[in-house]
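Have a look at the structure below, then the notes.
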Amino acid sequence: MALKIGVLAKQVIDPEMPMAAFRVDSDANKVVTPPNIPPVVNGFDENAVEAALLLKDAQEATITVISSGTEFALDVMKKPLSMGADELILLQDDAFGNTIDSFFTARVLAEAVRKLEGFDLIICGRQASDWDNAQVPLGLAELLGLSCIALCRKVDVSDGKVTAECTTPDGYEVVEADLPALVTVSNELGQPRYPTLRGIMAATRKKPTIWTMSDLGMDSAELEPRVTLRSLFVPETGQDCEYIEGENAADAGRQLALKLREDKLI
Amino acid sequence: MAEATGVLVLGELAGGELASVSQELLAAGRKLADDLGEELTIALLGASVEGASQQAISYGADRVYAVTHPLLEEYQVDLNLAALESLCQETNPNVLLIARTESGRELAPRLAFRLGVGLAQDCLEVSVDPAAKRLLANRPVYGGNAIAVISCDLTPQIAAVRPKVYEPLEPDPSRQGQVVSFPVELESSQARTRIVERVEETSTGIKLEDARVVVSGGRGLGGPEPFAHLEELAKVMGGAVGASRAAVDSGWVPVAYQVGLTGKTITPEIYIMVAISGASQHMAGCSGAKVIVAINKDSEANIFREARYGVVGDWEQIIPAFTAAVRELVQS
Ligand SMILES: Cc1cc2nc3c(=O)[nH]c(=O)nc-3n(C[C@H](O)[C@H](O)[C@H](O)COP(=O)(O)OP(=O)(O)OC[C@H]3O[C@@H](n4cnc5c(N)ncnc54)[C@H](O)[C@@H]3O)c2cc1C
Ligand SMILES: Nc1ncnc2c1ncn2[C@@H]1O[C@H](COP(=O)(O)O)[C@@H](O)[C@H]1O
């Protein structure tokens, strides 16, 4: 039977945008969406799509991408389809905006996963580059009662088992669990593939399925937040850098050593 | 149910001793407990935890829960989770602090969800809101570009605290505290994952996290070979070598070298950054460095806004001369 894979992908503000374009509206406690800089699929979620595609390269599998949010840039969110995923489910509702509260997001996603039924494996990114929570997948595993393996750099499935290589501070470990399971992946998995022209054409023809809160059979009373954002600000950083110069670059290197000696650092 | 009370720290053991992250967390927890007028307790999980109990008291704990079961001998997340869940249900803490370590980063969110409460992730500072007597947590978001102040609406209020942001208290071996034994019921079938193999990839030298001097290289080095120069410099200075994610992603050095938001947090006395632009996600892992030295050929690079000393130029010329000069100074 074909392996049924779900990939969770979030649309985020491009984390590689110029730092100068990053702005916080402190009165509204919000990050200002930069005009003229298109959003992206969270980088680690592209790794998650790649992990799913690698499985699909080796065995029969279907890949369903699920995303929750208030508004989507369709051309951006279709990227996983053009890479080779089969189906895109967008959970779109004005009520789904509180993504600093992982409990909230995980509840919505869990409901969609239940409604779609029968996933063998859910693959998520390690964290979303906006709030850097690294919580939603772990929470989802708890809500759905799935085995959970975090921070994988390689994911294999065979004989009803997932075997993964996970990054540790000093190397990696090989971990296995029975399906159904949830794994999170990280950039160590490798560069996600580029969409092919054929993939892009196929994706243009595909229509995402859009579900609102009521399609999920939820109401706002179920979505009580668990954390409150009290304030949001840009930290004071920066200091006066003392530039070390010399007659030439090599001499500047020597001057730097002398300076550090003067400061008793070496 | 009685009102939640007390600050509970999840302790970690390293070779039977209280891990340094737990000493740090006890310092953070002591202040919270005093500000709340509540007790500071620590949970130590293992097959037996005797050695570390008195240590925990000397570092500030009023009470130790020795949470024991033979299955807790080797760390396994599901079993630790089950043990902690019963401890929390039984003791009903007001605040729970967990270090965001290799294990804590997975344990904290899963425990929060299991208990149905919120979590402040990756905190740089935890304090008590004097008016509401609730926990306030400062945490970096958007790759360190902003700081969010968060509070948790339910109890326990859980915070995962970044390692190395708190200094342990001076240990006081004469401090008195209570050790409460808390045996738990566990079944081996509760463990849903199995570790098949563990592989170490780092060199045996000084650990990046503990080094007094760290020399890191970035994309601007252009390949793996230049890292040999950095290794040499690190050796002369008695330090370790790190890297940016760009250098790691290029496959020039092992993943374990990565410093930053999704890499290691380091707090060296000197951090020498070679051909690294200074993206916020990199700085998130080294903002605790005492002195940052930047070597970069682009005078506009962000790193010159963060560094104490900077040399604008090509590393190929600067590093060999710098290394030679340091060697001379160290030997004289
Ligand atoms: C969610 C997320 C998490 C991330 N986590 C991390 C993380 O943990 N750690 C991390 O490092 N990054 C992380 N990043 C990536 C980060 O945003 C940057 O892309 C990365 O740090 C850039 O690495 P770099 O400075 O080596 O490369 P670049 O930004 O390309 O900089 C290279 C620098 O080298 C200089 N240079 C080039 N040639 C020379 C020369 N001959 N001599 C001197 N200087 C030269 C250039 O002027 C330039 O400043 C993360 C990103 C995201 C989105
Ligand atoms: N709104 C969302 N829609 C889809 N997936 C999400 C969403 N939020 C988080 N995720 C998934 O959970 C991972 C970790 O996110 P977070 O816990 O928010 O840092 C992401 O990499 C995604 O795989």
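What do you reckon, is residue A:261 among the basic types (Lys, Arg), over 29 Å from residue B:280 (Cβ atoms) and more than 9 Å from every other protein chain (Cβ to nearest Cβ)? No, not satisfied. The set of residues in region A:116-140 that are within 7 Å of chain B (Cβ to nearest Cβ) and away from ligand 1 (no atom under 16 Å from the Cβ) comprises A:138, A:139.
Taken over region A:207-258, the criterion of being crowded, with 17+ Cβ neighbours inside 10 Å, in contact (Cβ under 8 Å) with a residue 12 or more places away in the chain and within 7 Å of chain B (Cβ to nearest Cβ) is satisfied by A:226, A:227, A:229, A:232, A:244, A:256. Exactly one residue among B:135, B:124 is more than 21 Å from residue B:280 (Cα to Cα) and either open to solvent by 10 Å² or more (accessible area, probe 1.4 Å) or within 12 Å of chain A (Cβ to nearest Cβ) (or both), and that residue is B:135. Of the candidates A:167, A:163, the single residue that is modelled with pLDDT under 95 and either within 7 Å of another protein chain (Cβ to nearest Cβ) or part of a strand (DSSP E or B) (or both) is A:167.
Tell me, please, whether a residue that is within 30 Å of residue A:121 (Cα to Cα) and more than 16 Å from ligand 2 (Cβ to nearest atom) can be found in region A:223-236. Within region A:223-236, one or more residues are within 30 Å of residue A:121 (Cα to Cα) and more than 16 Å from ligand 2 (Cβ to nearest atom). For residue A:183, which of the numbered conditions (1) away from chain B (no Cβ under 11 Å); (2) in contact (Cβ under 8 Å) with a residue 60 or more places away in the chain fails to hold? Single failed check for residue A:183: (1). Quick check on region B:279-305: of everything there that is within 8 Å of ligand 1 (Cβ to nearest atom) and in a strand (DSSP E or B), which residue is surrounded by the fewest Cβ atoms within 10 Å (Cβ to Cβ)? The selected residue is B:296.
In the set (1) within 9 Å of another protein chain (Cβ to nearest Cβ); (2) modelled with pLDDT of 95 or more, the condition left unmet by residue B:185 is number (1). Would you call residue A:97 within 13 Å of ligand 2 (Cβ to nearest atom) and buried (at least 23 other Cβ atoms within 10 Å of the Cβ)? Taking the combined requirement at face value, the residue does not satisfy it. Checked across region A:109-120, the condition of being of a type in the set (D, E, K, R), over 14 Å from residue A:7 (Cβ atoms) and surrounded by 20 or more Cβ atoms within 10 Å (Cβ to Cβ) holds for at least one residue.
The values are calculated or read from the model by the stated rules, or taken from the named source; none is laboratory data. If you're wondering where the values come from, they're calculated on a predicted model, not measured in any experiment. Virtual Cβ from ideal backbone geometry, glycine too; neighbours counted across all protein chains shown. Note: accessible area is taken over every heavy atom of the protein model, side chains too, but ligands, DNA and RNA are not part of it. Shrake-Rupley method; radii C 1.70, N 1.55, O 1.52, S 1.80 Å.
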